[in-house]
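Reviewing the structure listed below.
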Amino acid sequence: MRVSVLRGIGDVALIERPTPEPGPGEVLVRVASVGVCGSDVHYYDHGRIGQYVVEQPLVLGHEASGVVTALGAGVTSPAVGQRVSIEPGVPDLVCEQCLAGRYNLCANMRFYATPPIDGAFAEYVVVHAAFAHPVPDSISDDAAALLEPLSVGIWACRKGRVGAGSRVLITGAGPIGLVSVQAARAFGATDIVVSDVNPARLAIARELGATEVVDARTADVGDPPRPPQVLLECSGNPAATVAGIRALAPAGRAVLVGMGGEELALPLSVVQERELEVTGVFRYAGTWPTAIALVAAGRIDLDRLVTGSYALADAEGALTAGRRDPHSVKVVVHPQT
Ligand SMILES: [Zn+2]
């Protein structure tokens, strides 16, 4: 099969590899669509993310959909021919965190496109059968791939306890901010304020459910008359993070989703006097059923986020689309082309 590998900083190449065989409990998936994530771009640009360093050729891509084409020993579902969305991290399912239901915090997680585990910029991948989630035909291949970033937005809303009538502030209108807007609306939020420095992205945020947008170049989130109860911080920008925390209502929740610097000066008196909760999020757990139901019901539109598609041989074009085009939101790779 053809595979796109990252060999070093700024160096991707199309190579041939043997098609993998599904092991016991695994399925083989013919990959239809793979979304490009900021983490893929970061590995391409820098060769590492924190402690994860690309030391051998790495297959990027962890937002993937496809069709099951073979079953490993013992697998009864999904069936051959079933369209699936791949949940790209398989935990050990036996440790303390897994047994507590927090499998996203498993120390033995094997996650696609995180060294040394290969991702989905390939014609075929294998995955644990329980992590190949069947999707109905009303969900497109691209949307089935983007259930992965949507899962981040759903998990952020759960951690922030977004519910009916919630007032939510979302800082950053990149792909994760835009799925968080839609997830917050689907969870019942009625005030959804979104800030970003990119007017094109703010326009999409409004289209997808933001009730108010703030151009962070000329305005700040300030002191709104009805302060938000939940901050979903999706920019990674330290100033936006602190301003968002300061804007929260008493007993508010700040959910830090965006990847920023290593450290941040927290306005501690604000956190203490208002009894704010500040939490991080790391990936997600148990989100696919919700994501599939919301997209199938038409409550969330993932196809709207797709601004470009690329063949496997032009994975490099996909990885550099964001820097070339300020209107780029989410690009996808179609490995069968
Ligand atoms: Zn575990």
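Considering every residue within segment 31-40, establish whether at least one is within 16 Å of the ligand (Cβ to nearest atom) and more than 26 Å from SER235 (Cα to Cα). Before the answer, list the steps.
Here is the first cut: in segment 31-40, the residues within 16 Å of the ligand (Cβ to nearest atom) are none.
No, segment 31-40 contains no residue that is within 16 Å of the ligand (Cβ to nearest atom) and more than 26 Å from SER235 (Cα to Cα).
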### Query
Counting just the residues of segment 101-121 that are in contact (Cβ under 8 Å) with a residue 12 or more places away in the chain and under 13 Å from PRO57 (Cα atoms), which one comes out surrounded by the most Cβ atoms within 10 Å (Cβ to Cβ)?
PHE121
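Residues of segment 107-121 being under 29 Å from SER33 (Cβ atoms), out of contact with any Asp or Glu (no Cβ under 6 Å at 6 or more places or on another chain) and either within 12 Å of the ligand (Cβ to nearest atom) or small (Gly, Ala, Ser) (or both), which ones? Before the answer, list the steps.
First, the residues of segment 107-121 that are under 29 Å from SER33 (Cβ atoms): 108-121.
Pick out the ones that are also out of contact with any Asp or Glu (no Cβ under 6 Å at 6 or more places or on another chain) and you get 109-121.
Listed by number, the residues that qualify are MET109, ARG110, ALA113, GLY119, ALA120.
Take the conditions assigned to a loop (DSSP other than H, G, I, E, B), open to solvent by 10 Å² or more (accessible area, probe 1.4 Å) and not aromatic (Phe, Trp, Tyr) and apply them to VAL213. Does it pass?
On the way: assigned to a loop (DSSP other than H, G, I, E, B): no; open to solvent by 10 Å² or more (accessible area, probe 1.4 Å): yes; not aromatic (Phe, Trp, Tyr): yes.
So VAL213 fails the test.
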### Task
Collect the residues in segment 84-100 that are in a loop (DSSP other than H, G, I, E, B) and either within 8 Å of the ligand (Cβ to nearest atom) or open to solvent by less than 10 Å² (accessible area, probe 1.4 Å) (or both), keeping them in residue-number order.
GLU87, PRO88, PRO91, ASP92, LEU93, VAL94, CYS95
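Does ALA251 meet the test of being hydrophobic (A, V, I, L, M, F, W, C), loosely packed, with under 14 Cβ neighbours inside 10 Å and modelled with pLDDT under 95? Walk me through it before giving the result.
Working: hydrophobic (A, V, I, L, M, F, W, C): yes; loosely packed, with under 14 Cβ neighbours inside 10 Å: yes; modelled with pLDDT under 95: no.
Answer is no for this residue.
Please indicate, with yes or no, whether at least one residue in segment 73-80 is surrounded by 18 or more Cβ atoms within 10 Å (Cβ to Cβ), farther than 25 Å from ALA321 by Cα and more than 16 Å from the ligand (Cβ to nearest atom). Break it down into steps so the answer makes sense when it comes.
Let us first name the residues in segment 73-80 that are surrounded by 18 or more Cβ atoms within 10 Å (Cβ to Cβ), namely 75, 78.
Next cut, farther than 25 Å from ALA321 by Cα only: 75, 78.
Now narrow it down to the ones that are more than 16 Å from the ligand (Cβ to nearest atom): 75, 78.
Checked segment 73-80: at least one residue is surrounded by 18 or more Cβ atoms within 10 Å (Cβ to Cβ), farther than 25 Å from ALA321 by Cα and more than 16 Å from the ligand (Cβ to nearest atom).
Scan segment 58-66 and give yes if some residue there is open to solvent by less than 60 Å² (accessible area, probe 1.4 Å), assigned to a strand (DSSP E or B) and acidic (Asp, Glu), otherwise no.
Residues of segment 58-66 that are open to solvent by less than 60 Å² (accessible area, probe 1.4 Å), as a first pass: 58-66.
With assigned to a strand (DSSP E or B) added as a condition, the list becomes 58, 63-66.
Retained after the next criterion (residues that are acidic (Asp, Glu)): 63.
Within segment 58-66 (the criterion being open to solvent by less than 60 Å² (accessible area, probe 1.4 Å), assigned to a strand (DSSP E or B) and acidic (Asp, Glu)), the answer is yes, since at least one residue qualifies.
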## Note on the structure
Every listed condition ((1) more than 16 Å from the ligand (Cβ to nearest atom); (2) more than 25 Å from LEU302 (Cα to Cα); (3) open to solvent by 10 Å² or more (accessible area, probe 1.4 Å); (4) in contact with a Pro (Cβ under 7 Å, 6 or more places away or on another chain)) holds for TYR124 save (2)
### Message
So ASN104 passes all but one of these: (1) within 28 Å of VAL329 (Cβ to Cβ); (2) away from the ligand (no atom under 16 Å from the Cβ); (3) outside any loop (DSSP other than H, G, I, E, B). Which condition number does it fail?
### Response
(2)
### Message
Take GLU148 and tell me if it is within 16 Å of the ligand (Cβ to nearest atom) and crowded, with 22+ Cβ neighbours inside 10 Å.
### Response
no
### Query
Can you list the strands (runs of 3 or more DSSP E) found entirely within segment 224-337 that contain at least 1 residues being under 21 Å from LYS159 (Cα atoms)?
230-233, 253-256, 277-280
### Query
Which one of these does PRO267 not meet: (1) in contact with a helix residue (DSSP H, G or I) (Cβ under 7 Å, 6 or more places away or on another chain); (2) under 20 Å from ILE176 (Cα atoms); (3) of a type outside the set (Val, Ile, Thr)?
(2)
### Task
Confirm whether PRO228 is at pLDDT 95 or above and of a type outside the set (Gly, Ala, Ser).
yes
### Message
Pull out all pairs, ordered by first then second residue, where Cβ-Cβ is under 9 Å, the residues are six or more apart or on different chains, the first lies in segment 69-97 and is closer than 29 Å to SER138 by Cα, and the second is more than 16 Å from the ligand (Cβ to nearest atom) and of a type in the set (Lys, Arg).
### Response
THR69/ARG30
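The values are calculated or read from the model by the stated rules, or taken from the named source; none is laboratory data. Predicted model, so just to flag it, every value in this text is computed and none were measured. Neighbour counts are summed over all protein chains in view; Cβ atoms, including those assigned to glycine, are modelled from backbone coordinates with ideal geometry. Ligands, DNA and RNA are excluded from the accessible area calculation, which covers all protein heavy atoms including side chains. Shrake-Rupley method; radii C 1.70, N 1.55, O 1.52, S 1.80 Å.
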